[in-house]
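Asker: The structure that follows is given in the form of structure tokens.
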Amino acid sequence: MLGLESWNLGSYISYILPFLFFFLLLFLLLVVRLDGLGSNIWTLQSCPIDLTGKTAVVTGANSGIGKAVSCELARRGARVVLACRNLIQGQKALSDIQKATGSKELLLREVDLSSLASIHNFSQKLLQEEPRIHLLVNNAGSTGLPPRKLTSDGLELTFMTNYLGHFFLTNLLLKCLHRAGSARVVNVTSFRQQHGFVDEQHLVGAGDPFTKSMAYDCSKLMLISFTVELARRLQGTGVTANSVEPGVVKTSIMRNYPWQFRAIFWLLSIFIRTPKQGAVPVLYLCLAEELDGISGKFFNSKCKLALPAKSAQDSQVTHSLWNTSARLTNLEKWTKKE
Ligand SMILES: NC(=O)c1ccc[n+]([C@@H]2O[C@H](COP(=O)([O-])OP(=O)(O)OC[C@H]3O[C@@H](n4cnc5c(N)ncnc54)[C@H](OP(=O)(O)O)[C@@H]3O)[C@@H](O)[C@H]2O)c1
């Protein structure tokens, strides 16, 4: 009798536990989602800014957050340069944005951020076509790339794509940003930056530790470090630079990971931000009037000022990273050519 009762209790518990666990998980995820989505202090609806007559450049504009950002900028009247490495996907994005906004001010231009020559070609054309750039959104990024893979320039692929490419591009476009009188550079980084650290050896595929995700985390922290130093160098010019993390967003960002990771990301996707929602913090940095004159700062996915990982706050580190990046990209040589 006693044995039967304890069996009943045991089987009852083993039935109920998975359900309890499931509902607890659901509840936690809902709380996280509400916390992550509901408490933005800034909304697009509350921002009346019109961008007619302004020019914006968005890298990685053919998908995810970049496409959503480009769409909103076009909706507000900006001339938007969609800077994409894949012109077929870029053309598709351009048509979608045109359909959604009716904009006739969309341009598609090719740039591969993992190649110095491609970035240089892109910026040369842009310098001729667009005398003034009011907004540069350095959004393109990739994770899950093979670590320590070197590009034809001898630079590490993840660091080149996520950080060095944007360092180089921004410097080549400075003339157009200055000419605009008042301009903003917005660097899209990641919450993963808090797990990163700055090791300049990473830029050439050396240094440790070096896994796919560590390379991503460190490259995103370098992008913040770059923002801080860029802002310092641009003080008093009317050009500001800030960085932002968009939260966890349902995009193609996991495309280079094995299917198991993609499956988990897909399953969780009902609890995370859509590209349109993920674009909001980025658009906050592009549009909010309260950020006029604010520079060198890092914002979290709730549009709130935050502190990045320590090395991006150390002026010796940011200064040294800038010099190493300028040397590795041959910045002086390329800018002298112009
Ligand atoms: N989704 C998230 O949860 C999340 C979280 C934190 C931060 N972020 C950041 O948000 C940004 C946008 O990512 P997403 O989530 O919107 O992902 P996505 O849909 O994969 O978009 C990434 C974009 O970057 C472009 N790109 C990648 N490598 C490039 C290269 N070498 N040259 C030029 N363009 C390149 C891609 O172009 P192709 O289509 O040609 O590959 C694509 O347009 C990234 O910087 C990412 O790190 C995303």
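Rule-based calculations on the coordinates, nothing more; no lab input. Everything numeric here is computed off the predicted structure, so don't read it as measured data. Reconstructed Cβ throughout: ideal geometry from the backbone, glycine too, with neighbour counts over all protein chains shown.
Asker: Please give the charge dipole size of segment 118-234, origin at the Cα centre, charges +1 on K and R Cβ atoms and -1 on D and E Cβ atoms. Round to the nearest 20 debye.
Answerer: Working: 12 positive and 9 negative charges, 77 e Å.
Dipole magnitude for segment 118-234 comes out near 360 debye.
Asker: What does the C-alpha gyration tensor say about the overall shape of the chain? Classify as rounded when a/c is under 1.5, otherwise prolate if a/b is larger than b/c, or oblate.
Answerer: Cα axes put the chain in the prolate bin.
Asker: I've got another one for you. Farthest toward the dipole's positive end in the chain, which of Val282, Ala100, Pro308, given Cβ charges of +1 (Lys, Arg) and -1 (Asp, Glu) about the Cα centre?
Answerer: Going by the Cα projections, it comes out as Ala100.
Asker: Can you pick out the pairs among Lys104/Lys175; Lys67/Lys125; Lys276/Lys302 whose Cα atoms lie more than 18 Å from each other?
Answerer: Where the Cα-Cα span goes over 18 Å, the pairs concerned are Lys104/Lys175; Lys67/Lys125.
Asker: Continuing with this model, one more query. Residue farthest toward the positive end of the dipole of segment 43-337, with Cβ of Lys/Arg at +1 and Asp/Glu at -1: which of Thr43, Ser115, Gly165?
Answerer: Thr43
Asker: Still on this structure, please answer the following. Kindly put Lys220, Lys302 in sequence by how many other C-beta atoms sit within 10 Å of each C-beta, fewest to most. Don't skip to the answer; put the middle values down first.
Answerer: Working: Lys220 29, Lys302 19.
Fewest-to-most Cβ neighbours within 10 Å comes out as Lys302, Lys220.
Asker: Counting other Cβ atoms within 10 Å, keep those with at most 16, restrict to DSSP loop, and tell me which GluC sites (Glu not before Pro) in segment 67-144 are left. Walk me through the numbers before you get to the answer.
Answerer: Working: sites: Glu72, Glu105, Glu110, Glu129; in loops: Glu105.
Sites meeting the loop and neighbour criteria: none at all.
Asker: Rounded, prolate or oblate: pick one for segment 205-338, where a ≥ b ≥ c are the square roots of the eigenvalues of its C-alpha gyration tensor, a/c under 1.5 means rounded, and failing that, prolate if a/b is larger than b/c, else oblate.
Answerer: oblate
Asker: Give me the percent relative contact order of segment 102-219, please, defined on Cα pairs under 8 angstrom at least 6 residues apart.
Answerer: Numbers: 159 pairs, mean separation 39.4, N = 118.
Normalised by residue count, the contact order of segment 102-219 is 33 percent.
Asker: Looking at segment 42-106, which trypsin sites (Lys or Arg not before Pro) are in a loop (DSSP not H, G, I, E or B) and have at most 10 other Cβ atoms within 10 Å?
Answerer: Lys104
Asker: For a test of the definition: using alpha carbon positions, the gyration tensor, and the 1.5 limit on a/c, classify segment 80-127 as rounded, prolate or oblate.
Answerer: oblate
Asker: Can you give me the Cα centroid spacing of segment 278-297 and segment 150-224 in angstrom?
Answerer: 20
Asker: Which whole-Hz ³J(HN,Hα) couplings does segment 316-324 yield from phi under the Karplus relation 6.51 cos²θ - 1.76 cosθ + 1.60, θ = phi - 60°, glycine and proline marked x?
Answerer: Coupling constants for segment 316-324: 5, 5, 5, 5, 5, 4, 4, 4, 5 Hz.
Asker: Just rank Cys71, Cys47, fewest to most, by other beta-carbon atoms within 10 angstrom.
Answerer: Going from least to most buried by this count: Cys47, Cys71.
Asker: Mind listing the phi-derived Karplus ³J(HN,Hα) values for segment 250-256, rounded to whole Hz, using 6.51, -1.76 and 1.60 with θ = phi - 60°, and x for any glycine or proline?
Answerer: Listing the rounded values in order: 7, 9, 8, 4, 8, 4, 8 Hz.
Asker: Separate question: Of all DSSP beta bridges located in the chain, what percent are antiparallel, nearest 5?
Answerer: 10
Asker: Can you give the charge dipole size of segment 208-328 about its Cα centre, rounded to the nearest 20 debye, using +1 on the beta carbon of Lys and Arg and -1 on the beta carbon of Asp and Glu?
Answerer: 380
Asker: Now for a different question. Starting with the highest mean, order 251-261, 227-237 by the number of other Cβ atoms within 10 Å, averaged over the residues of each peptide.
Answerer: On the way: 251-261: 13.7, 227-237: 17.9.
Packing proxy ranking, top to bottom: 227-237, 251-261.
Asker: Now for a different question. Taking the Cα centre of the chain as origin, sum charge times position over the Cβ atoms of Lys and Arg (+1) and Asp and Glu (-1), and report the length of that vector in debye to the nearest 20.
Answerer: Values: 36 positive and 24 negative charges, 151 e Å.
With Lys and Arg at +1 and Asp and Glu at -1, about 720 debye.
Asker: Another one. Please report Cys176, Cys218 as a ranked list, fewest other C-beta atoms within 10 angstrom at the top and most at the bottom.
Answerer: With the sparsest Cβ surroundings first, the list reads Cys176, Cys218.
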